[in-house]
1. Looking only at the range 65-103, count how many residues are over 22 Å from the mean Cα position of the chain (by Cα) and under 16 Å from residue 149 (Cβ atoms).
2. Counting only residues that are loosely packed, with under 13 Cβ neighbours inside 10 Å and in contact (Cβ under 8 Å) with a residue 12 or more places away in the chain, which one in the range 350-377 is farthest from the chain's Cα centre (by Cα)?
3. Pick out the one residue from 231, 263, 174, 274 that is within 25 Å of residue 50 (Cα to Cα) and under 25 Å from the mean Cα position of the chain (by Cα).
4. Just give me the residues in the range 227-251 being out of contact with any helix residue (DSSP H, G or I) (no Cβ under 8 Å at 6 or more places or on another chain) and under 18 Å from residue 216 (Cβ atoms), in sequence order.
5. Give just the number: which of (1) on the phi > 0 side of the Ramachandran plot; (2) buried (at least 19 other Cβ atoms within 10 Å of the Cβ) does residue 390 not satisfy?
6. I need the full set of residues from the range 252-261 which are surrounded by fewer than 18 Cβ atoms within 10 Å (Cβ to Cβ) and in contact with a helix residue (DSSP H, G or I) (Cβ under 8 Å, 6 or more places away or on another chain), in order please.
7. Being surrounded by fewer than 23 Cβ atoms within 10 Å (Cβ to Cβ), touching a helix residue (DSSP H, G or I) at 6+ places or on another chain (Cβ under 7 Å), assigned to a helix (DSSP H, G or I) and at pLDDT 95 or above, is that true of even one residue in the range 52-74?
8. Failed condition for residue 452, given (1) more than 19 Å from residue 297 (Cβ to Cβ); (2) part of a loop (DSSP other than H, G, I, E, B), with all others met?
């Protein structure tokens with residue numbers, strides 16, 4: 001049995017962030033051909049191990065993974081796609097194809113690159129060779145994804161800690177289709193709920209976890225192969241976006257449609273619970289100062305690099321400076337110009353400069369600072385969990401600047417936050433901080449969930465806001481929640497293969 005494996009995996013943002021180019025993939029993970037076979041973590045790692053255990057010959061195509069950002073450049077996407085498809089053509093014939101993708105990427109001139117890639121693979125292998133695709137549970141599931149794949153399998157946890165096991169599930173389902181054990185019939189039901197992931201945890205009693213738990217209970221039915229729940233990534237702007245459930249049955253389309261529709265209806269019923277309560281940075285800091293001990297988390301979700309933002313916001317830093325906070329505080333900022341300046345002046349030297357909003361200037365203006373360089377680094381660190389567990393993250397030339405009691409980690413490149421690896425890599429002690437600015441909506445729980453005294457979700461400018469109520473979509477048409485809280489005669493959108 002010969003199975004091809006290929007992956008282009010990243011998440012995009014159409015409201016901000018830097019374009020994703022080939023260098024973005026090279027900094028994180030870009031492996032071609034047999035070099036792929038060395039991957040032992042993440043979705044690809046789980047896939048490869050499962051095939052090895054089942055004596056399957058793997059045809060490795062391409063594995064490209066990067067930190068989220070703005071849209072992928074057309075040149076980059078075509079380069080990666082042509083490489084993957086070219087290798088697949090040269091490897092034919094194969095018995096099946098497994099594609100670990102994300103599901104919420106866009107290209108400068110293409111709104112659904114995952115659907116385009118799946119369709120292109122289908123044209124190579126023909127109608128009879130099964131294609132199984134794994135997706136992030138924040139995917140924007142499109143008609144082309146459903147139409148050209150036999151099965152779509154989503155990650156089950158958020159924060160994401162099941163990528164390896166999802167690769168295993170996807171591989172096993174593909175093998176069951178190849179052997180004829182499974183005849184997949186797939187249905188996706190969407191409702192127009194567009195919310196951030198603040199209340200999208202699967203490890204707590206969140207509204208999203210309740211829908212996920214319901215979905216997973218259906219998997220105990222004999223003819224239900226897989227269920228998935230999607231909280232659509234809200235920071236792309238595409239037609240027909242929505243959240244809901246996807247169900248794969250063994251040759252029972254009516255059942256797949258029925259269960260998917262029930263999941264989408266439950267999702268619609270949870271829509272108000274998915275909207276977060278937010279605070280201004282000033283309010284959060286003043287309340288935090290009245291709280292004994294720390295750390296107090298200032299969650300600046302609107303500048304989430306893991307959602308495609310540039311990481312260059314200084315909204316929380318400016319508020320801490322204005323409040324004249326004298327207690328130890330930690331703030332991350334992506335600012336390549338300031339990082340370069342720090343490396344030029346050296347440790348112990350005073351630095352006078354402007355910082356912030358120098359990559360994505362539409363969200364604010366830089367502020368002037370006078371500080372001292374206390375640490376320099378080339379910016380490499382090792383992930384201790386999540387999507388890139390064990391791999392090396394690259395912040396590029398980085399520095400720590402002391403602004404009184406506030407220590408600012410300045411990096412050249414945006415990186416995905418899992419726990420507190422970035423802070424630890426430059427010697428910063430998060431347990432001793434009064435305030436910590438975190439720029440992700442959920443993963444901070446791994447680093448600080450057991451020690452945080454208070455957590456404040458901030459309302460700050462940026463391309464990944466905690467609420468999507470005020471995002472100016474152009475391609476996504478109303479009505480949708482939360483812009484429209486009630487929609488008359490609402491029915492789920494049903495997609496089937």
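1. 7
2. Restricting to residues being loosely packed, with under 13 Cβ neighbours inside 10 Å and in contact (Cβ under 8 Å) with a residue 12 or more places away in the chain, the top hit is 350.
3. Details: 231 fails: within 25 Å of residue 50 (Cα to Cα); 263 fails: within 25 Å of residue 50 (Cα to Cα); 274 fails: within 25 Å of residue 50 (Cα to Cα).
Going through 231, 263, 174, 274 in turn, the sole match is 174.
4. Within the range 227-251, 230, 250 meet the criteria.
5. Of (1) on the phi > 0 side of the Ramachandran plot; (2) buried (at least 19 other Cβ atoms within 10 Å of the Cβ), only one is false for residue 390: (2).
6. none
7. no
8. Against the list (1) more than 19 Å from residue 297 (Cβ to Cβ); (2) part of a loop (DSSP other than H, G, I, E, B), residue 452 comes up short only on (1).
The values are calculated or read from the model by the stated rules, or taken from the named source; none is laboratory data. From a predicted model like this one, the values you see are computed outputs, not experimental measurements. All Cβ positions, glycine included, derive from the backbone under ideal geometry; neighbour counts span all protein chains shown.
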